[in-house]
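K.L.:
Shown below is the structure under consideration.
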Amino acid sequence: SVAVIGSSSWDQFLILDRFPRPGVGAVVTACAEAGGGTAANVAVALARLGVRPLLVTTVGDDAWGQRLVSELSREQLELHLVPPRAQSSTDYCTILVSPEPERTILWSPGARLRLGDPLPLERVFQCRVVVIDVEDDDLRQFLLDLPAHVAPRTRIVGPLTHLATLPCERARRLAIQHDVLIGNEDEACAVTGCTSVDAALEALRRWMPLGATRLVAISRGRDGCILATMRETVRVPAFEVRAIDPTGAGDAFAAGIVYGLLRRLPLSELGRLANAMGALATRALGARAALPTRDELEAFLSG
Ligand code: ADP
């Protein structure tokens with residue numbers, strides 16, 4: 001079983017005819033709204049694959065929060081809502097999608113999990129895999145420091161999203177405590193302070209013996225992904241799809257890695273499955289609209 005701890009957000013999408021430049025602007029050709037947030041997206045992706053994860057998250061005390069909860073309640077997952085601090089609004093993202101398609105996220109921070117929040121720790125650490133996507137690094141450190149009698153035999157998976165915003169040394173100290181690290185090229189570079197994905201990969205591989213990390217998965221958009229263990233590095237090309245909106249591709253990719261780890265897939269098959277999840281996620285507007293069921297994923301992989 002899998003637990004996912006972290007963010008939920010309400011996403012508003014603006015589809016533009018071109019990317020806006022200062023003083024020039026752009027035309028909005030379509031817009032849409034939908035639930036998002038890395039942790040929630042990963043949990044929904046796993047739910048569609050039939051894993052029934054535990055999602056521990058928080059939403060604000062407002063209409064967006066209610067819509068998120070009603071969306072999440074329709075998925076095959078166990079939802080544990082942590083009450084928001086007083087008068088927190090729901091995390092809100094405005095996502096600009098240009099025709100390439102390329103996307104830019106404007107984030108209005110709202111309710112987020114923080115150190116001291118009442119988390120169902122015992123239930124979380126009964127799970128074999130725990131995906132931690134909390135942006136409060138004190139809470140992340142707390143979860144990583146839990147003693148073995150609270151967090152036995154658990155594999156900790158860390159998306160790099162929030163680690164990439166920390167100063168390098170702090171990011172490194174947190175990163176190496178995760179068994180599995182997953183991120184895109186930019187995040188891998190930011191976490192390691194490198195300017196190329198190959199240098200970032202080398203840095204991450206040098207970190208492995210210093211900590212718990214046994215697998216690094218770097219997604220590269222249309223270029224597929226690189227997966228590395230201490231012994232082996234594989235580069236797996238992406239699938240050809242007609243991408244409409246790349247939002248959530250990285251989250252679907254992360255869910256693919258978790259799902260493949262549960263199935264104990266060898267490295268190259270793991271990369272192929274995660275690429276398939278990412279590719280499928282790009283086929284509709286919104287992070288979750290195009291997430292496949294297990295049958296759809298199988299059909300895509302064998303088709
Ligand atoms: P993020 O959303 O975090 O930036 P990426 O853009 O790297 O993540 O996408 C994650 C994965 O999704 C990629 O490794 C790739 O397999 C798949 N993917 C993303 N965009 C495309 C695309 N345009 N065509 C095919 N696959 C894609």
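K.L.:
Remind me, what semi-axes does region 108-218 give for its equivalent ellipsoid, largest first in whole Å, using sqrt of 5 times each Cα gyration tensor eigenvalue?
P.N.:
Working from the Cα gyration tensor, I get semi-axes of 24, 17, 11 Å.
K.L.:
At 18 Å minimum axial length over the Cα atoms and a Kyte-Doolittle cut of 0.5, report the qualifying DSSP H helices in the chain, or say none.
P.N.:
Within the chain the helices that satisfy the rule are 249-262, 267-281.
K.L.:
Quick one: if you stick a label point 7 Å off each Cα along the C-beta vector at Arg231 and Phe19, how many nm between them?
P.N.:
With each label point 7 Å from Cα toward Cβ, the separation is 4.1 nm.
K.L.:
Given a cut-off of 11 Å, what percent of all Cα-Cα pairs of region 96-136 lie beyond it?
P.N.:
Everything past 11 Å amounts to 78 percent.
K.L.:
Test of understanding: what is the full-extension gain from Ala199 to Ser98, defined as 0.36 nm times their sequence separation minus their Cα-Cα distance?
P.N.:
33.4 nm
K.L.:
Averaging sequence separations of C-alpha pairs under 8 Å and six or more residues apart, then dividing by the length of the chain, give the relative contact order as a whole percent.
P.N.:
Once divided by the residue count of the chain, the mean separation gives 17 percent.
K.L.:
When Lys and Arg each count +1 and Asp and Glu each count -1, what net charge do the other residues less than 11 Å away from Val197, Cβ to Cβ, add up to?
P.N.:
-4
K.L.:
To make sure I understand, if each residue's beta carbon is the centre and we count other beta carbons within 10 Å, what order do Asp91, Asp245, Asp137 fall in, fewest to most?
P.N.:
So the ranking, lowest neighbour count to highest, is Asp137, Asp245, Asp91.
K.L.:
Within region 181-279, report the GluC sites (Glu not before Pro) that DSSP leaves as loop and that have at most 14 other Cβ atoms within 10 Å.
P.N.:
Glu232, Glu240
K.L.:
How much net charge surrounds Pro237 when only the other residues with a Cβ under 11 Å from the Cβ of Pro237 are counted, with Lys and Arg +1 and Asp and Glu -1?
P.N.:
+2
K.L.:
Treat the count of other C-beta atoms within 10 Å as a stand-in for reagent exposure and order Arg48, Arg231, Arg222, Arg288 from fewest to most.
P.N.:
Lowest to highest Cβ neighbour count: Arg231, Arg222, Arg48, Arg288.
K.L.:
Could you sort the peptides 62-73, 16-27 by per-residue average Cβ neighbour count (10 Å cutoff), highest mean leading?
P.N.:
62-73, 16-27
K.L.:
With no solvent and one equal point scatterer placed on each C-alpha of region 11-66, evaluate the Debye formula and give log10 I(q)/I(0) for q = 0.23 Å⁻¹, two decimals.
P.N.:
Calculated log10 I(q)/I(0) at the listed q: -0.92.
K.L.:
A further question follows. In terms of the ratio Rg/(2.2 N^0.38 Å) built on C-alpha atoms, what value belongs to region 1-152?
P.N.:
In units of the 2.2 N^0.38 Å rule of thumb, it is 1.15.
K.L.:
Near the amide H of Ile244, under 5 Å away, which other amide H atoms are found, from residues 5 or more places off or on another chain, if H is placed in the peptide plane?
P.N.:
Long-range HN contacts for Ile244: Arg283, Ala284.
K.L.:
In whole Å, largest first, what are the principal axis extents of the Cα atoms in the chain?
P.N.:
For the chain, the Cα spread along each principal axis is 52, 45, 41 Å.
K.L.:
Mean residue ellipticity at 222 nm from the helices of the chain, using -39,500 (n - 2.57) per DSSP H segment of n ≥ 4 over the full residue count, to the nearest 500 deg cm²/dmol?
P.N.:
-9500 deg cm²/dmol
K.L.:
Sticking with this structure for a sec: Which value does Rg/Rh take for region 41-100 over its C-alpha atoms, Rh per Kirkwood?
P.N.:
Reported Rg/Rh (Cα atoms, Kirkwood Rh): 1.05.
K.L.:
Based on other C-beta atoms within 10 Å, arrange Tyr92, Tyr259 from fewest to most.
P.N.:
Listing Tyr92, Tyr259 from fewest to most nearby Cβ atoms yields Tyr92, Tyr259.
Bear in mind these aren't lab numbers, they're just calculated from the coordinates by the rules spelled out. Computed from a predicted model, the values in this text were never measured in an experiment. Positions of Cβ are backbone-derived with ideal geometry, glycine not excepted, and every protein chain shown enters the neighbour counts.
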